[in-house]
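Here is the structure we will look at, set down as structure tokens.
The values are calculated or read from the model by the stated rules, or taken from the named source; none is laboratory data. Small disclaimer: the values here were computed from a predicted structure and weren't measured. Cβ atoms come from the backbone with ideal geometry, glycine included; neighbour counts cover every protein chain shown.
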Ligand code: PMP
């Protein structure tokens with residue numbers, strides 16, 4: 001019998017490039033037909049054949065309190081009844097800005113936007129506007145959305161000026177971005193010694209989640225902090241993924257390092273489009289309407305989205321929320337690791353807060369180059385065995401996974417059992 005997923009995918013490919021509205025959804029690297037999701041609740045979602053999966057994508061991070069949490073749904077319904085969008089300020093935006101600055105104390109002010117891409121792009125423009133410098137430093141394997149000057153990979157040659165990773169990005173833009181190696185403090189020092197007085201901003205995922213899960217070393221982030229201070233560059237932590245995911249105050253609270261700018265998204269919208277960037281008032285005053293750095297948005301601070309975000313932010317502040325989430329995520333990573341060991345499959349796993357990484361390699365990778373050595377074919381086979389068993393992992397060997405507060409003991413145990421059987425098929 002033909003699956004409704006196959007039928008929808010066939011139709012989707014006629015009306016939408018690749019059949020999807022964001023590339024990784026297309027199963028290009030793992031092969032097969034993407035599942036078309038019809039509904040979700042708690043730790044589960046259901047596909048177009050009404051087949052249930054334990055979900056470890058969680059909308060790529062936002063669904064931290066579980067899907068369709070009754071309190072979030074209620075807040076959204078009530079907000080929707082009061083009107084969908086006004087294009088004029090609301091009390092909800094004030095409350096949300098106050099709450100974000102209270103929970104992430106390195107920010108004195110925030111501006112709300114609608115996507116992580118927009119937030120990172122705006123933060124870079126602000127950093128350039130404030131410093132009067134053009135050069136940006138990013139790190140190989142970190143993703144900051146698809147703004148032109150961030151779609152850049154390391155170039156060849158000494159200067160490590162970037163090359164575009166996408167057609168349509170002018171080389172002239174890429175020239176202003178340098179791409180260095182993640183977790184290489186020495187290379188960063190050498191680079192600052194050479195060009196430090198031209199650097200507007202260093203942007204980093206302090207716990208990287210876009211080359212699988214790869215936490216920064218404390219020394220790497222501290223070196224970055226010290227160099228930015230010394231050379232007058234702004235340090236931007238992109239916490240779109242790690243914010244309210246690895247800890248209540250984000251990765252910056254785990255490491256005890258305060259960036260100059262913070263970029264947020266995902267969890268702060270609770271599944272609707274809210275993202276934000278923030279900094280000191282002295283930096284933020286350079287933004288329009290006060291200052292000369294332009295930035296705007298028709299749906300920025302949308303009242304329905306803010307209602308979902310604020311309710312989610314309230315729920316994650318329940319006592320013990322992150323302790324329980326972290327423990328549950330760590331238990332799952334350890335359980336999957338044990339299952340691999342029993343089966344004799346070279347594999348390891350790691351987690352930070354509610355994020356995890358599964359690596360088809362004997363040791364936990366410490367940098368991008370080590371990450372790229374993971375056995376992709378083994379991951380793909382494991383991914384499909386898990387999918388067949390009703391466990392939906394990110395469809396790529398190089399993405400992190402996300403656990404929600406609704407993934408209880410029974411759900412985690414079912415996942416570990418499925419992994420044990422999946423590894424057995426890989427032997
Ligand atoms: N920064 C990071 C660290 C991200 O993980 C993402 C999205 N995965 C973005 C920025 C871009 O966010 P969005 O997809 O909402 O534009």
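The set of residues from segment 328-355 being free of Cβ contacts under 8 Å to residues at least 40 places away in the same chain and touching a strand residue (DSSP E or B) at 6+ places or on another chain (Cβ under 8 Å) comprises 330, 333, 334, 337, 348, 349.
State all residues of segment 243-271 that are touching a helix residue (DSSP H, G or I) at 6+ places or on another chain (Cβ under 8 Å), assigned to a helix (DSSP H, G or I) and within 15 Å of the ligand (Cβ to nearest atom); if no residue qualifies, say none.
To start, the set of residues in segment 243-271 that are touching a helix residue (DSSP H, G or I) at 6+ places or on another chain (Cβ under 8 Å) comprises 243-249, 255, 257-271.
Filter again for assigned to a helix (DSSP H, G or I), leaving 255, 266-269.
The answer is 266, 267, 268, 269.
Could you please let me know if residue 195 is in contact (Cβ under 8 Å) with a residue 40 or more places away in the chain, away from the ligand (no atom under 16 Å from the Cβ) and farther than 30 Å from residue 273 by Cβ?
Answer is yes for this residue.
For (1) touching a helix residue (DSSP H, G or I) at 6+ places or on another chain (Cβ under 6 Å); (2) surrounded by 14 or more Cβ atoms within 10 Å (Cβ to Cβ); (3) assigned by TED's automatic domain parsing to the domain that holds residue 264, each residue gets a yes or a no:
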{"site": "9", "(1), (2), (3)": "yes, yes, no"}
{"site": "37", "(1), (2), (3)": "no, yes, no"}
{"site": "60", "(1), (2), (3)": "no, yes, no"}
{"site": "92", "(1), (2), (3)": "yes, yes, yes"}
{"site": "95", "(1), (2), (3)": "no, no, yes"}
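You will find that of 387, 358, 325, 393, the residue that is buried (at least 18 other Cβ atoms within 10 Å of the Cβ), out of contact with any strand residue (DSSP E or B) (no Cβ under 8 Å at 6 or more places or on another chain) and at pLDDT 95 or above is 325 and no other. Looking only at residues in segment 204-231 that are touching a residue at least 60 places away in the same chain (Cβ under 8 Å) and touching a helix residue (DSSP H, G or I) at 6+ places or on another chain (Cβ under 7 Å), the one that is nearest to residue 395 (Cα to Cα) is 212. Restricting attention to segment 207-222, the residues that are away from the ligand (no atom under 11 Å from the Cβ) and assigned to a loop (DSSP other than H, G, I, E, B) add up to 4.
Determine whether residue 256 is surrounded by fewer than 24 Cβ atoms within 10 Å (Cβ to Cβ), over 21 Å from residue 144 (Cβ atoms) and over 22 Å from the mean Cα position of the chain (by Cα). For residue 256, the condition - surrounded by fewer than 24 Cβ atoms within 10 Å (Cβ to Cβ), over 21 Å from residue 144 (Cβ atoms) and over 22 Å from the mean Cα position of the chain (by Cα) - is not met. Going through (1) away from the ligand (no atom under 16 Å from the Cβ); (2) in a strand (DSSP E or B) one by one, residue 99 falls short only on (2). Residues that are under 22 Å from residue 302 (Cβ atoms) and in contact with a strand residue (DSSP E or B) (Cβ under 7 Å, 6 or more places away or on another chain) were ranked within segment 272-281; the one that is nearest to the ligand (Cβ to nearest atom) is 275. Restricting segment 223-242 to residues that are more than 16 Å from the ligand (Cβ to nearest atom) and not in a helix (DSSP H, G or I), the residue that is farthest from residue 200 (Cα to Cα) is 232. Condition check: in contact with a helix residue (DSSP H, G or I) (Cβ under 6 Å, 6 or more places away or on another chain) and either more than 16 Å from the ligand (Cβ to nearest atom) or at pLDDT 95 or above (or both). Does residue 108 satisfy that? Yes, satisfied. When the test is whether a residue is buried (at least 19 other Cβ atoms within 10 Å of the Cβ), within 16 Å of the ligand (Cβ to nearest atom) and touching a residue at least 24 places away in the same chain (Cβ under 8 Å), residue 144 passes it. Yes or no: segment 111-127 includes at least one residue that is crowded, with 21+ Cβ neighbours inside 10 Å, more than 16 Å from the ligand (Cβ to nearest atom) and at pLDDT 95 or above. No: segment 111-127 contains no residue that is crowded, with 21+ Cβ neighbours inside 10 Å, more than 16 Å from the ligand (Cβ to nearest atom) and at pLDDT 95 or above.
Can you go through 188, 180, 151 and tell me which one is within 14 Å of the ligand (Cβ to nearest atom), within 30 Å of residue 109 (Cα to Cα) and outside the structural domain of residue 401 (by TED's automatic domain parsing)? Lay out the reasoning, then the answer.
On the way: 188 fails: within 14 Å of the ligand (Cβ to nearest atom); 180 fails: within 14 Å of the ligand (Cβ to nearest atom).
After applying the criteria, what remains is 151.
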